[in-house]
Every structure is written in structure tokens, then in C-alpha cells.
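Data block below; observations after.
The values are calculated or read from the model by the stated rules, or taken from the named source; none is laboratory data. The structure displayed is predicted, hence computed values, not measured ones. Every residue, glycine among them, receives a Cβ derived from its backbone with ideal geometry; neighbour counts consider all protein chains shown.
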Amino acid sequence: MDTYRTLLLSCATTDPLAPAALALAGVLDQAWQAHGLTWLPLSGLDAEPTRLALLRWFPGADQRLGLDWSALAQAHRPEPRQDEVDDLLALLREHMAPDAGTHSEREAVAYAIACACLGNNHLWQDLALPSRAELSALISTWFPTLAALNHQNMKWKKFLYKQLCLRHELFICRAPSCAVCADQAACFGPE
């Protein structure tokens, strides 16, 4: 098998190039490669919602991967930054589009984005998307009010964490506004 991502996308029920399918396959692939198949791939998402997400997005993939759901129900992946995931989930849930899919589909996309935020690359890369354009489309579809807040086109991971800082009234920027900040290119420049 090339990657878990390839297997998942071969089982996709929707267009395998749709941003949501690509993002979920990318995050699941990276998690399984890092932690193996004996741990739940999305930090904080229990076995049953994970099983339902796979059934919805990639039916039959769990059988092809040989996932043991009874064992996975007991195997929660330890995540030292779970509080971060929880904060990101809360933010994303506030901006979910009620018509973007079922509740469980919206939750799966939110978990994928929140877990990918823990990665070391641009968010679109941590979701294994082809470019930032697919990430913007994903967020615009599933979290449109959040997308509308990013009217200056800030890089998504920076934008999400900035939203968390604003919620907690943490102001870590060196300038009073982005327009006069020396780091503006790092936040708004091309990726």
C-alpha cells in the first residue's frame, strides 16, 4: 500500500478531489503513519464517531485497513495539546454551516482541521491539500462565518490562533494593528 491516504481516497463516496475528502484522508493518513492503526487517528474523537466518519466518507476502508473497532473503543490517543484541540473545536463549532452536511460530517471536518493545526506546516499542507485554495474553499463551505472574518486573507493557521488569542484577550502582536507590523509578510504573504 502506497499510503493510507491512497486507500481512503479509493473508497471515497464523494469526489475524491473534494476538499473535505482530501482533508480527512490527509489527516487520517498522517495520524496513522505517526501513531499506527491501534490508536484513534483524530485526537479527542471517540471510536464510534470515527467509525461513522469512515463509513460516511470512505466506506469499506476500515475493513481494508483491518481496524478493530472494539479495541479502538478502548484506545484513546494521548495528546499533550488536547486543550488546544478543544479550543479550536469550540471556535470551529461556533461557525459551522448548518447546511454543509450532517452534524457528524461537520464534526469530522472540524476535528480534522483542529488536529491538523497541531502540525508544523501551513494548515493546507498539514491537511495534505494541494494548495491554500482548497483550504479556503473547505473553510468557506463548512465554516462560512469564520471565512468571512478573514477578510484580509491571513494565513489560516495564524488566523485561527489569532481568533483564539482574541477570545482570551491575549495580545501577543508587537504592533497595534497588522497594517503597521514588521511581521506582516509572515502572516499575509504568499505560501
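Quick check: is even one residue across the stretch 25-32 free of Cβ contacts under 8 Å to residues at least 60 places away in the same chain, out of contact with any Pro (no Cβ under 7 Å at 6 or more places or on another chain) and not in a loop (DSSP other than H, G, I, E, B)?
Scanning the stretch 25-32 turns up no residue that is free of Cβ contacts under 8 Å to residues at least 60 places away in the same chain, out of contact with any Pro (no Cβ under 7 Å at 6 or more places or on another chain) and not in a loop (DSSP other than H, G, I, E, B).
So is Q74 at pLDDT below 95 and not in a helix (DSSP H, G or I) or not?
So Q74 fits the description; yes.
Going through A128, A112, A108 one at a time, which residue ends up being closer than 18 Å to L8 by Cβ, in a loop (DSSP other than H, G, I, E, B) and out of contact with any strand residue (DSSP E or B) (no Cβ under 6 Å at 6 or more places or on another chain)?
Working: A112 fails: in a loop (DSSP other than H, G, I, E, B); A108 fails: in a loop (DSSP other than H, G, I, E, B).
Sole residue among the options that is closer than 18 Å to L8 by Cβ, in a loop (DSSP other than H, G, I, E, B) and out of contact with any strand residue (DSSP E or B) (no Cβ under 6 Å at 6 or more places or on another chain): A128.
State whether one or more residues within the stretch 116-127 are surrounded by fewer than 17 Cβ atoms within 10 Å (Cβ to Cβ) and of a type in the set (D, E, K, R).
No, the stretch 116-127 contains no residue that is surrounded by fewer than 17 Cβ atoms within 10 Å (Cβ to Cβ) and of a type in the set (D, E, K, R).
Just wondering, is there one or more residues in the stretch 52-70 that are closer than 27 Å to K158 by Cβ and touching a residue at least 60 places away in the same chain (Cβ under 8 Å)?
no
Out of all the residues in the stretch 53-71, which are assigned to a helix (DSSP H, G or I) and closer than 19 Å to G26 by Cβ?
Matches in the stretch 53-71: A53, L54, L55, R56, W57, A61, D62, R64, L65.
Criterion first (of a type outside the set (F, W, Y) and modelled with pLDDT of 95 or more) does L92 satisfy it? Reasoning before the result, please.
Details: of a type outside the set (F, W, Y): yes; modelled with pLDDT of 95 or more: yes.
In short, yes.
If S140 satisfies every condition in (1) assigned to a helix (DSSP H, G or I); (2) more than 14 Å from the chain's Cα centre (by Cα) but one, which is the exception?
(2)
Filtering the stretch 80-101 down to residues that are in a loop (DSSP other than H, G, I, E, B) and either of a type in the set (F, W, Y) or without any contact (Cβ under 8 Å) to a residue 40 or more places away in the chain (or both), which residue is surrounded by the most Cβ atoms within 10 Å (Cβ to Cβ)?
By that ranking, first place goes to R81.
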